[in-house]
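Below you'll find the structure, written out as structure tokens, and then a few comments.
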Amino acid sequence: MAPTKIEKERSLRADAEQNRERIVEAARELFAERGIDVTREEIARRAGVGMATLKRRYPTRADLVAGAFEEKMWRFADGARKALKDPDPWHGFCRYVRSLCSMQTSDRGFSDVLTMTFPTAARFEMARLQAFEDFSELTRRAKEAGSLRKDFVAEDLIILLMASAGVVGATGNVAPRSAPRLIGYLLQAFAAPVEGSCPLPPLRVRCTRPC
């Protein structure tokens with residue numbers, strides 16, 4: 001018995017969704033391994049789809065990058081919301097900053113994306129806005145508690161992320177051990193004088209070239 005029109009449409013939708021999932025998974029893997037400079041052709045090959053299929057689902061490179069990282073951006077936002085629930089604002093502040101560093105070191109692409117904007121990706125930017133608003137509130141509370149230096153502003157987080165991204169890009173496979181040390185230094189710099197200092201992670205990286 002030949003499939004009905006409705007059955008054909010359902011099959012086409014299922015195939016389209018499977019293609020989308022393969023594209024997103026391939027993009028996530030390649031972006032995490034090598035950063036967001038990976039070409040769309042490479043992503044299409046790993047996903048096992050043609051360029052026409054990829055472009056139909058993600059017309060622009062920005063659409064593809066935002067689509068690949070939207071879920072992770074919401075986790076980024078959720079982390080800020082959870083940090084607000086910490087009864088100790090400074091502890092919540094430090095924990096959140098360290099979690100961002102961890103997300104950067106495990107995914108080179110996300111390290112790049114954190115310092116970029118995607119104006120046409122509404123849900124992606126909504127997650128970013130929520131994260132910034134919650135981090136701004138966390139910053140206010142940590143200052144009121146006397147733990148965070150008074151001249152720190154929420155926008156300084158972008159500078160921190162850019163610095164961490166530089167370390168991740170430069171140190172490659174040892175980034176999970178080197179980047180946290182940078183974050184430790186920065187958290188000490190952000191702390192109010194005398195009180196609120198965070199312990200510096202131990203040094204585990206050895207120089208492999210003449211120093």
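Numerical summary
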quantity	calculated
Sole exception among (1) assigned to a loop (DSSP other than H, G, I, E, B); (2) touching a Pro at 6+ places or on another chain (Cβ under 8 Å) for A142, by number	(1)
For T39: the one exception among (1) surrounded by 14 or more Cβ atoms within 10 Å (Cβ to Cβ); (2) within 27 Å of G172 (Cα to Cα)	(1)
Qualifying residue in segment 95-110 (condition: at pLDDT 90 or above and open to solvent by less than 30 Å² (accessible area, probe 1.4 Å))	yes
Residues of segment 65-83 classified as open to solvent by less than 30 Å² (accessible area, probe 1.4 Å) and more than 15 Å from the chain's Cα centre (by Cα), total	1
Selection from segment 148-168 of residues that are over 26 Å from E133 (Cβ atoms) and exposed (fewer than 14 other Cβ atoms within 10 Å of the Cβ)	G166
Unmet requirement for L129, which otherwise passes all of (1) at pLDDT below 90; (2) within 30 Å of D37 (Cα to Cα); (3) open to solvent by 60 Å² or more (accessible area, probe 1.4 Å); (4) not small (G, A, S)	(1)
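The values are calculated or read from the model by the stated rules, or taken from the named source; none is laboratory data. What you see is a predicted model; the values in this text were computed from it and never measured. Note that we place each Cβ from the backbone using ideal geometry, even for glycine, and neighbour counts take in every protein chain shown. Surface areas here come from the heavy atoms of the whole protein model, side chains and all, with no ligands, DNA or RNA. Shrake-Rupley method; radii C 1.70, N 1.55, O 1.52, S 1.80 Å.
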